[in-house]
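*Asks:* Take a look at this one; I'll ask things after.
The values are calculated or read from the model by the stated rules, or taken from the named source; none is laboratory data. Quantities reported herein were computed from a predicted structural model and do not represent experimental measurements. Virtual Cβ from ideal backbone geometry, glycine too; neighbours counted across all protein chains shown. Side chains are part of the model used for accessible areas, which takes the heavy atoms of the whole protein and leaves out ligands, DNA and RNA. Shrake-Rupley method; radii C 1.70, N 1.55, O 1.52, S 1.80 Å.
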Amino acid sequence: MPVITPFKIMTPTSPLDLGGLGASAWLPVTHRQRLLLPLFVGKVAAGFPSPADDYVEKNLDLNDLLVQKPAATFFVRAQGESMLGAGIHPNDILVVDRSIEPVPGKIVICALNGELTVKRLERDNEQWQLKAENPDYPDIVIFEALELVIWGVVTNVIHPL
């Protein structure tokens, strides 16, 4: 028996198809220029220092690391502090894949009554929720009167220090 959910999963026909939402907060993946940077074989100790390896394991292209399906991927800039517990801070860049199924436990980008938000999708006792990862913010219980469109699943966060 299929599961009926009170939201729809949106697959825009193009990167600019935002269903009437403004495009100023997100960037589509449009050009994959290869940028190879060295990846060292050794790991950096976060505790006690260890001898550094001067050996480059390979060159790493950040496109290969962050973008698995270019046609289904876009970037969006985070705003607010509701997802701090998930490591998402204001002005972080989120990598979002529209081809990944939004299942419970995944962090999703969605339009909730026309406003974009990022939250963790959860299902508790047959009730769908959008959970904040900061106790100062309430969770959102999804019910039929809400207009919810899931745009995609967050796969990576680009976070400046």
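*Asks:* Measuring from the lowest to the highest alpha carbon on each principal axis, how far does region 81-161 reach, largest first, in angstroms?
*Replies:* Largest first, region 81-161 extends 40, 31, 24 Å along its Cα principal axes.
*Asks:* I need the calculated FRET efficiency for the pair Asp64 and Glu144, taking r as the beta carbon distance and R₀ as 30 Å, to the nearest 0.05.
*Replies:* 0.15
*Asks:* By how many nm would the segment from Ala71 to Gln129 lengthen if fully extended, with 0.36 nm per residue of separation less the alpha-carbon distance?
*Replies:* 18.0 nm
*Asks:* Right, here's the next one. Using only the heavy atoms of the protein chains and a 1.4 Å probe, how would Thr155, Thr117, Thr73 rank by accessible area, largest first?
*Replies:* Heavy-atom accessible area, descending, gives Thr155, Thr117, Thr73.
*Asks:* Counting pairs of alpha carbon atoms under 8 Å apart in space and at least six apart in sequence, what relative contact order in percent does region 82-125 give?
*Replies:* Here the relative contact order equals 33 percent.
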